[in-house]
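The values are calculated or read from the model by the stated rules, or taken from the named source; none is laboratory data. Quick caveat: nothing in here was measured; it's all calculated off a predicted structure. Neighbour counts are summed over all protein chains in view; Cβ atoms, including those assigned to glycine, are modelled from backbone coordinates with ideal geometry.
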Amino acid sequence: MSKIIKFSFLIIFLAGLLLLDTNNVFACSCITPPFEEMFEGSTAVFEGTVLNIETPENEYSVDPVKVTFHVRRVWKGESQDTIVVYTEHQSTACRYAFGNEPGKTYLVYAYEDEGRLSTNGCTRTQLRSHAFGDLFRLTIKIHRFGVSAVVASMVLIGVSALVLRRKQDGE
């Protein structure tokens, strides 16, 4: 098999992997919803860098953790410079563990709870560096071309490479 054909199959295979929707299971016994369901059910979907994390002083507190983000991009919800999101303090309550150090960038799916935005470990919230698939889907959603158009483009590239290769072999 020629290098062009192998490369075309690799591109098609990688595009197919992006379209798979895996569900994560967490210790708090929840299943992460599929992308479309999570997006539709969220009040806000944004990319933000953590500015501040306020954790209750008592480790057994039922008070939530308050996380302030500098907003980089918004796909759903109000566009603001900063957004505050709350998450449970206890891991058994399905908190999302943002850690204790500001500066990390996340893709956040937040929902309204008691008049404020919240997230948890059962949402698709994750470090930006781990969110390639969701960021790809969000780009497709915003630019209003469907996943089928992306797959069709990948197939077309693969077929074009095959045709080109056959022409070169025939010459």
Yes or no: Thr123 touching a strand residue (DSSP E or B) at 6+ places or on another chain (Cβ under 7 Å), among the polar types (S, T, N, Q), surrounded by 14 or more Cβ atoms within 10 Å (Cβ to Cβ) and not in a strand (DSSP E or B)?
yes
Of all residues in the range 107-125, which are charged (D, E, K, R) and either over 16 Å from the mean Cα position of the chain (by Cα) or farther than 19 Å from Phe35 by Cβ (or both)?
Glu112, Asp113, Glu114, Arg116
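Does Tyr86 count as within 21 Å of Gly41 (Cβ to Cβ), surrounded by 20 or more Cβ atoms within 10 Å (Cβ to Cβ), in contact (Cβ under 8 Å) with a residue 12 or more places away in the chain and over 13 Å from the mean Cα position of the chain (by Cα)? If you could, list the steps in order and put the result at the bottom.
Working: within 21 Å of Gly41 (Cβ to Cβ): yes; surrounded by 20 or more Cβ atoms within 10 Å (Cβ to Cβ): yes; in contact (Cβ under 8 Å) with a residue 12 or more places away in the chain: yes; over 13 Å from the mean Cα position of the chain (by Cα): yes.
Yes: the conditions hold for Tyr86.
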With respect to Glu112, determine if the residue is part of a strand (DSSP E or B) and either loosely packed, with under 13 Cβ neighbours inside 10 Å or modelled with pLDDT under 90 (or both).
yes
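If you take the residues of the range 59-105 that are among the β-branched types (Val, Ile, Thr) and more than 30 Å from Ile142 (Cβ to Cβ), which of them is modelled with the highest pLDDT?
First, the residues of the range 59-105 that are among the β-branched types (Val, Ile, Thr): 62, 65, 67-68, 71, 74, 82-85, 87, 92, 105.
The next check asks that each one be more than 30 Å from Ile142 (Cβ to Cβ); those that pass are 62, 92.
Numbers: Val62: 82, Thr92: 70.
Looking at the filtered set, the residue picked out is Val62.
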